[in-house]
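Working notes for the structure below.
The values are calculated or read from the model by the stated rules, or taken from the named source; none is laboratory data. All values reported here derive from a predicted model rather than from experimental measurement. Every residue, glycine as well, gets a Cβ built from its backbone with ideal geometry; the counts of neighbours run over all protein chains shown.
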Amino acid sequence: MFHRIFLFNLRKTKLKCDFTRNYRAAAFDAGNVQHSVFSFEFIFARLLFLFLRVRSTCLRMAQRQKEKEKQKASASASASVSAVTEEASKSVAVEEDDVNSYTVVDKLEQFGISAADIRKLKEAGFCTFEAIAYAPRKELYAIKGISEQKAEKIFAEAAKLVPMGFTTASEVHVKRSEIIQIGTGSRELDRLLGGGVETGSITEIFGEFRTGKSQLCHTLAVMCQLPVDMGGAEGKCLWIDTEGTFRPERLLAVAERHKLSPQDVLDNVVYARCYNTDHQMQLLVQASAMMAESRYALLVVDSATSLFRTDFSGRGELASRQMMLAKYLRMLLKLSDEFGVAVVITNQVVSQVDAGCGMFQGETKKPIGGNIMAHASTTRQLALYLRKGRGEARICKIYDSPCLPESEAMFAITTHGIDDVTD
C-alpha cells in the first residue's frame, strides 16, 4: 500500500515536472519569438536614428559652409567698401586741399629750414605758407631766433606757392561758386542769407540782449557738422567765449533735432573761455595751429568786442582800443582766407544820443566798434541786425552786405534751436 502511494506520488511529481518543463520551454520559445520581434523593431529604430543624426550633421555642415561663404563675402564687401571709403577720403582730402589751398609750414623743412625754426614760426602764429605770405616782413623779423636773411628765404619760398598776383573775374567767379554755405536751421533765414552763412568770410551778428545772437551761434555750431547736402560743411567748430554764454545743453538739443550722436557733436566743438584782450589775441594763434591739423568749418567769437570795452576805458585809450580791435579783425580775416572757415562774431549795440527825434529819427541802435567794424563790414563782412518780435519770434535784418540786398526775415528760438516761425 505504501509502495503504491509512493509510486503514485512519484508519477504525479514526474508529470508535474514534465508539465513545468514543457511550460517553461513554451514560455521560453514565446519569449524568443517576442524578443526577436523587439530586436527587429529596435534595429529599425536604431538605423532610423542614425540616419536622422547623419542627416542633421550634414545639414549643420552645409549651414556652416554657407555661413563661412557669407562671412567671406561680407568681409570681401567690407574690404571693398573700406577701399572705396579710403579712396573717397583721399579724394575728399585732395579736394579740400584744392578748395582751402593752404600748405602747412612743416613743408619748409624741404627747403632747408630747420625744425627748430619751424617751431618758432608756429609759436608766432605762422602755421601755413599763406600766413607767411599775407604777413608784413616786420612781423617775421620780430620772431626771436630768425635772422633777416632766413626770414627773406622763408618769404621767397612762401611766395612761390601762394599766388598773390592778378587773376580774371571768371576765375574769381568759379572760386566763389565752390563756397559752402552753412544752414541756420530756419528756411526763411537761409533764404535771406542766400543759402546760409558763407564759409571763407566774416559774419557779424549784433543786437540787444535776448535777441538770439548766442542761440544762433549754438545752432550753427551743430549745423556745420552736417553733410553738405543737408546744409552743413562737414567740419568742426571752434568757439571763443568772452561772456560765459556757451551752453553744451543747447548743442545737445539741436543735435537731437537732427538725429546726431550727442557725444560726437560735443567732441567736434572745441571751446575756450577768454578773460582779456591779450588772451583773446593769443587764442587766435592757437586756433591757427589747430586748423592746420584738422578740418574746421566754423569759428565763433561770442562776443568780439566785450573785452575791448572793459580793457580799454575812456577816451584816452580809444585810439589804442581801435588799433587793437583792427588787428584782431585782421587776424580773423586771415584765418578765413587761409582755411576757408566761416567766422561768426557777435557784437553788442549802443544807443545814439544824437540820432534826431520825431519822424526824422532813424535807427537809434548801432553796433559797437565804430568805423573799424564798419570798414570790415564793407569789405568781407555780412552784418546781421537782430531785434525782438512777438513771443519767441525774432527779426533779422541785413544791415550791411557787399552782395545781398537790404531785407528782413523772421525766425523763432525754440527748444531745439533756431527754426521757422509757426502760426
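I need the full set of residues from the stretch 372-390 which are at pLDDT 80 or above and either of a type outside the set (Ser, Thr, Tyr) or more than 17 Å from Ile202 (Cβ to Cβ) (or both), in order please.
Initial filter on the stretch 372-390 (at pLDDT 80 or above): 384-390.
Selection gives Leu384, Leu386, Arg387, Lys388, Gly389, Arg390.
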ask   = Restricting the stretch 122-138 to residues that are aliphatic (A, V, I, L, M) and part of a helix (DSSP H, G or I), which is farthest from Leu284 (Cα to Cα)?
value = Ala133
note = For the stretch 276-303 the number of residues that are in contact with a helix residue (DSSP H, G or I) (Cβ under 7 Å, 6 or more places away or on another chain), hydrophobic (A, V, I, L, M, F, W, C) and more than 20 Å from Glu130 (Cβ to Cβ) is 1
query = Has the stretch 392-400 got at least one residue that is modelled with pLDDT of 90 or more, closer than 22 Å to Phe246 by Cβ and not polar (S, T, N, Q)?
reply = yes
task = Would you mind stating whether Gly369 is at pLDDT below 90 and touching a helix residue (DSSP H, G or I) at 6+ places or on another chain (Cβ under 7 Å)?
result = yes
query = Restricting the first residue to the stretch 146-170 and requiring it to be over 17 Å from Tyr102 (Cβ atoms), which pairs with a second residue that is of a type in the set (A, V, I, L, M, F, W, C) meet a Cβ separation below 7 Å and a spacing of at least six or different chains?
reply = Ile146/Leu140; Ala151/Leu140
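Output the helices (runs of 4 or more DSSP H) that fall wholly within the stretch 158-265 and possess 2 or more residues being in contact with a Cys (Cβ under 9 Å, 6 or more places away or on another chain) and buried (at least 20 other Cβ atoms within 10 Å of the Cβ), or say none. Working first, answer last.
Working: elements: 169-177, 187-192, 213-223, 248-257.
Of the helices (runs of 4 or more DSSP H) lying wholly inside the stretch 158-265, those with at least 2 residues that are in contact with a Cys (Cβ under 9 Å, 6 or more places away or on another chain) and buried (at least 20 other Cβ atoms within 10 Å of the Cβ) span 187-192, 213-223.
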inquiry  = Can you list residue pairs whose Cβ atoms sit under 6 Å apart, with the first residue in the stretch 307-326 being closer than 22 Å to Ile345 by Cα and the second being basic (Lys, Arg)? Count only pairs 6 or more apart in sequence or on different chains.
reply    = Phe308/Arg321; Phe312/Arg321
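To keep it simple, each residue is scored yes or no on (1) surrounded by 10 or more Cβ atoms within 10 Å (Cβ to Cβ); (2) under 30 Å from Met291 (Cβ atoms); (3) modelled with pLDDT under 55.
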residue	(1), (2), (3)
Lys72	yes, no, no
Ser76	yes, no, yes
Ser82	yes, yes, yes
Ser101	yes, yes, no
Ser114	yes, yes, no
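Can you work out which of the residues in the stretch 139-150 that are within 22 Å of Lys334 (Cα to Cα) and part of a loop (DSSP other than H, G, I, E, B) is nearest to the chain's Cα centre (by Cα)? Reasoning before the result, please.
Step one: list which residues in the stretch 139-150 are within 22 Å of Lys334 (Cα to Cα), which gives 139-143.
The next check asks that each one be part of a loop (DSSP other than H, G, I, E, B); those that pass are 142-143.
Numbers: Ala142: 37, Ile143: 35 Å.
Top of the filtered list is Ile143.
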message = Looking at the stretch 171-184, can you tell me whether even one residue there is under 24 Å from Thr245 (Cβ atoms) and touching a Phe, Trp or Tyr at 6+ places or on another chain (Cβ under 9 Å)?
response = yes
ask   = Take the residues of the stretch 395-420 that are acidic (Asp, Glu) and outside any strand (DSSP E or B): which is surrounded by the fewest Cβ atoms within 10 Å (Cβ to Cβ)?
value = Glu406
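Does the stretch 252-262 contain any residue that is at negative phi, touching a residue at least 24 places away in the same chain (Cβ under 8 Å) and within 11 Å of the chain's Cα centre (by Cα)?
Just the residues of the stretch 252-262 that are at negative phi, to begin with: 252-258, 260-262.
Filter again for touching a residue at least 24 places away in the same chain (Cβ under 8 Å), leaving 253-258, 260.
After this cut, where a residue has to be within 11 Å of the chain's Cα centre (by Cα) as well, the list is 255, 260.
Yes: one or more hits.
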query = Is it the case that Ala221 is at negative phi, under 16 Å from the mean Cα position of the chain (by Cα) and not hydroxyl-bearing (Ser, Thr, Tyr)?
reply = yes
remark   = Val344 meets each of (1) surrounded by 19 or more Cβ atoms within 10 Å (Cβ to Cβ); (2) assigned to a helix (DSSP H, G or I) with one exception, condition (2)
request  = Output the residue which, of all residues in the stretch 288-336 that are in contact with a Gly (Cβ under 6 Å, 6 or more places away or on another chain) and assigned to a strand (DSSP E or B), is nearest to Cys127 (Cα to Cα).
outcome  = Tyr296
task = Take the stretch 250-274 and flag every residue that is of a type outside the set (Val, Ile, Thr) and in contact with a Lys or Arg (Cβ under 7 Å, 6 or more places away or on another chain).
result = Asn268
